[in-house]
1. Rounding to the nearest 10 and keeping the result within 0 to 90°, find how far the Cα-based axis of helix 230-240 lies from the longest principal axis of the chain.
2. Please state the Cα pair-distance histogram of the stretch 29-155 with 10 angstrom bins from zero: what percent is in each bin?
3. Whole Å is fine, so just give me how far the alpha carbon centre of the stretch 134-180 lies from that of the stretch 197-264.
4. In the stretch 109-264, what percentage of the DSSP-assigned beta bridges are antiparallel, given to the nearest 5?
5. Taking loop as defined by DSSP and a crowding limit of 15 other beta carbons within 10 Å, which trypsin sites (Lys or Arg not before Pro) in the stretch 17-86 fit?
6. Please state the charge dipole magnitude for the chain, taken about the Cα centre, from unit charges on C-beta atoms (+1 on K and R, -1 on D and E), reported in debye and rounded to the nearest 20.
7. Cα-Cα over 21 Å: which of Lys125/Lys148; Lys8/Lys125; Lys17/Lys209?
8. List every residue whose amide H lies under 5 Å from the amide H of Thr182, counting only residues 5 or more places away in sequence or on a different chain, with H placed 1.01 Å from N in the peptide plane.
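What follows is calculated from the coordinates using simple rules that are stated; it is not laboratory data. Quick caveat, the model's predicted, so the values are computed rather than measured. So basically every Cβ, Gly included, is an ideal-geometry build from the backbone, and we count neighbours across all protein chains shown.
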Amino acid sequence: MDLGIAGKWALVCGASKGLGFGCAQALVREGVNVLIVARGAEVLEAAAAQLIASGEGTTGASVQFVVADITTVEGRAAVFAIRREFDIVVTNAGGPPTGDFRDWDREAWIKAVDANMLTPIELIKATVDGMAERGFGRIINITSSAVKAPIDILGLSNGARSGLTGFVAGVARSPLAAKGVTMNNLLPGAFDTDRLKGTLQGAAQKTGKSLDAVMDARRQTIPARRFGTVEEFGAICAFLCSQQAAYINGQNVLADGGAFAGTF
Ligand code: NAP
């Protein structure tokens, strides 16, 4: 299927690896030009080279990168100094740490809200009016299945991301919707990324079990009996960015191998 977005420009945040990289790769394969962002220069540069290899020559997509912390004012300014207008924005940054809510002070909460709620809102604010003027726009926020099925030790994530989810639910239905701009949240369950491995490694150390045993036990909690791949995640993102997805707006799209045990 031709998604009809070749030649568009996408800003993909947190894209040197993991889910963000999967989204960037799927978009480049559709001929979308991408500006990718992450803090670590070396991994980001290698990711850009990989994207160029997968896209250029075949789809003609351009790949740019900027080393920046997207959760800071300076980081976002560095991005918009390179390019001001985007047709597609994929918001993403690292998730907040796990823990006990009794240990989280105001600073911990502000950091989580800044990264996982206010940063996507700032990126939306900076780009959607231009999208509306041009008659096409796609905002994809990478959030978490924890928004739908909260996990107690992920309180910072549950709270901050739910705030973003409520905000997006309102703005997606604003007059922007009649001007070709859609906003959707993409909710990952367990995907095979460094972050997931890091979390499971922590659980292994705590329990004294091997990483393999902890990973196997985790897979057994998922009806699909496996973790999702970044390619699968990227493909969903690219579809939500497509011309064909123009009537999908204000939704929370869960990708979790059936782990959420609810009818809706
Ligand atoms: P990952 O493999 O650790 O990749 C995170 C990417 O984001 C890296 O490229 C990282 O590069 C970049 N990044 C992190 N903080 C950043 C910042 N402040 N500014 C710019 N770039 C930043 O993580 P992932 O598994 O893809 O997860 C992506 C998001 O999905 C996270 O918010 C995570 O909580 C959420 N999530 C993931 C899963 C899962 O199973 N994987 C499940 C639920 C939710 P640098 O560190 O170099 O900046």
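1. Long axis of 230-240 versus the principal axis of the chain: about 40 degrees.
2. Result, from short to long distances: 11, 35, 34, 16, 3, 0 percent.
3. Comparing the Cα centres of the stretch 134-180 and the stretch 197-264, I get a distance of 17 Å.
4. Values: 0 of 11 bridges.
Here the share of antiparallel DSSP bridges comes out near 0 percent.
5. Numbers: sites: Lys17, Arg29, Arg39, Arg76, Arg83, Arg84; in loops: Lys17, Arg39, Arg83, Arg84.
When the trypsin sites (Lys or Arg not before Pro) of the stretch 17-86 are filtered for loop state and at most 15 Cβ neighbours within 10 Å, Arg83, Arg84 remain.
6. On the way: 25 positive and 25 negative charges, 86 e Å.
The dipole magnitude comes to about 420 debye.
7. Numbers: Lys125/Lys148 25 Å; Lys8/Lys125 19 Å; Lys17/Lys209 27 Å.
Flagged as over cut-off: Lys125/Lys148; Lys17/Lys209.
8. When sequence neighbours closer than 5 places are left aside, the close amide H contacts are Gly137, Arg138, Ile139.
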